[in-house]
Amino acid sequence: MAGEELLPSSVWTLSTYQQGALTLELPELIQLVKPLWKSKHNLQGPKKRGMFENEDALSDYQGDAQVRGQAGVLSERRGSFPFIDFRLLNTTANSGEIGTKKKVKRLLSFQRYFHASRLLRGTVPQTSLHLLDEDYLGQAGHMLSKVGTWNFDIFLFDRLTNGNSLVTLLCHLFNSHGLIHHFQLDMVKLHRFLVMVQEDYHNQNPYHNAVHAADVTQAMHCYLKEPKLARYLTPLDIFLGLLAAAAHDVDHPGVNQPFLVKTKHHLASLYQNVSVLENHHWRSTVGMLRESGLLSHLPVEMTQEIEQQLGSLILATDISRQNEFLGSFKIHLDNDALSLEDAEHRHFILQIALKCADICNPCRVWEMSKQWSERVCEEFYRQGDLERKFELEISPLCNQHMDTIPAIQIGFMTYLVEPLFDEWRRFTDNTPLTEAMMKHLRKNKARWRALHHNQHHRGDDGSGQRSEVVEAGP
């Protein structure tokens, strides 16, 4: 059958563990991990200043990104490929230096070795996790009691958790789904891993940051509760689905694959220009799993299979493979060929669910959907500005003088979101959640069409799109 290659060959089930009902409330979870974080903070010592306190370390650093710590999946060493700092690049460009591909690559390499110096000095990001007052803690806990509702406001939740929405959300979901008890997860290791994941997202990115990861994870949680799917899911399915959602964009540089390819970035070379970012997200996650030791108590064969299945899910988010997955999904539905008792078919639906969660912003209520739209376009425009400064070809959708937010969103909804969610509606048999999502999608598209019409009527050339979009009508 077409699309069979999208399905993994096998999926492990953890029959040796029993599903438990042990759950903890949010304050209890926080109290468990707070002493750990305080002790970690105290061990960091005084913060060092300056760029290269240990410049000699640079000459010894080989920049080896791949580590085979055990048999199986190649992982990436955490921090080997640091965030692309637009401020550094823009400062150089504004100083009058003529931009070339070679200079872009040299600047990125400089950042790589500077970041290596930080790691070799033992500098750890100073982050205060969960040290919230009782009022904020209570409000966050109240929000988590409604985490399965589609109008969950992830932006408010991120503020209430002091910017730690991803860690707090994952701790809660792992606990409420019984995964901590089922897999006998060590709370210290779990917290260490989740902090690693959250810290390896870059808040400088307007869109691809930890809040986006938390939003996708919350959407994935909602999809895992859909009746047609929920009754067949194993604890391993839920574990993989939530973990893949949380880590699917980890260490995203804020630029797309074509940018990395045309600047000959080391990630593009490493992954031979194929699913460059998705491979990086996956291998980085594997590296953090191993570094944290989260799964070290499980059999080696089982952890290797988990790593492979995690990669299968994250690689499915490559938007260039959209038609491949959509075509396979349609064939399965047309032929009534999905059997969710089959582990491979469940995994395929998890891939589709993650793809839906990743692009579900247009299906949210307008206030949140609009904010996400402005954020992703801001990230596009930043890339376009960088390409313009360095005399590179401006990537599609990245020219703020030509590509307006309404036009981008209308095209995104028409060609990517609607076709995928039409099939998801077929699969779920049009549940209340699906009806709500499709209703928001229709309304949001109508609003963007109205805004696009108003811009066209005014003769707006699309410039200045970084300012907030003014809504047309009530």
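Would you mind counting up the charge near L240? Only other residues with Cβ under 12 Å from its Cβ, with Lys and Arg at +1 and Asp and Glu at -1.
Neighbour charge sum, excluding L240 itself: -2.
Which net charge results for the neighbourhood of K330, defined as the other residues with beta-carbon distances under 13 angstrom from its beta-carbon, given Lys and Arg at +1 and Asp and Glu at -1?
-3
Ignoring ligands, DNA and RNA, please state the percent of accessible area on segment 370-463 from carbon and sulfur, probe 1.4 Å.
52
What figure, in Å² to the nearest 10, do you get for the accessible area of K146 with a 1.4 Å probe and non-protein molecules left out?
The value for K146 is about 110 Å².
Using a 1.4 angstrom probe with every protein chain in place, what is the largest-first accessible-area order of H401, H212, H202?
From most exposed to least exposed: H401, H202, H212.
Quick one: pull the percent of accessible area on segment 229-303 belonging to carbon and sulfur, 1.4 Å probe, ligands and nucleic acids left out. It would help to have the intermediate numbers written out before the result.
Working: 1200 of 2220 Å².
Ligands and nucleic acids excluded, carbon and sulfur reach 54 percent.
What is the P(r) of segment 234-357, as percent of Cα-Cα pairs per 10 Å bin from 0?
Whole-percent P(r) values from 0 Å outward: 12, 39, 33, 14, 1.
Using a 1.4 Å probe, how large is the accessible area of R382, given in Å² and rounded to the nearest 10?
Approximately 90 Å² for this residue.
If the only charges are +1 at each Lys and Arg Cβ and -1 at each Asp and Glu Cβ, what is the size of the charge dipole of segment 386-439 around the Cα centre, to the nearest 20 debye?
For this selection, approximately 140 debye.
Below 14 angstrom from the Cβ of L310, what's the summed charge of the other residues (Lys, Arg +1; Asp, Glu -1)?
Numbers: positive: R283, R290; negative: E76, D237, D249, E278, E305, E307.
Computed value for this residue: -4.
Of the listed pairs K330/K355; K228/K355; K146/K355; K228/K370; K355/K443, which have alpha-carbon separations greater than 26 Å here?
K228/K370
Could you state the accessible area per residue of segment 135-456 in Å², with a 1.4 Å probe and every protein chain left in place?
Value for segment 135-456: 34 Å² per residue.
For segment 135-456, how big is Rg over Rh, using alpha carbon atoms and the Kirkwood form of Rh?
Expressed as Rg/Rh, it is 0.95.
With unit charges on the beta carbons (Lys and Arg positive, Asp and Glu negative) and the dipole taken about the Cα centre of segment 135-456, which residue among F412, T317, C356 sits farthest to the positive side?
Of F412, T317, C356, it is F412.
Considering only protein heavy atoms, what is the solvent-accessible area of H266 at a probe of 1.4 Å, reported in Å² to the nearest 10?
In the full protein context, H266 sits at about 40 Å².
The values are calculated or read from the model by the stated rules, or taken from the named source; none is laboratory data. All values reported here derive from a predicted model rather than from experimental measurement. Because the Cβ atoms are built from the backbone with ideal geometry, glycine has one as well, and the counts that use them run over all protein chains shown. Side chains are part of the model used for accessible areas, which takes the heavy atoms of the whole protein and leaves out ligands, DNA and RNA. Shrake-Rupley method; radii C 1.70, N 1.55, O 1.52, S 1.80 Å.
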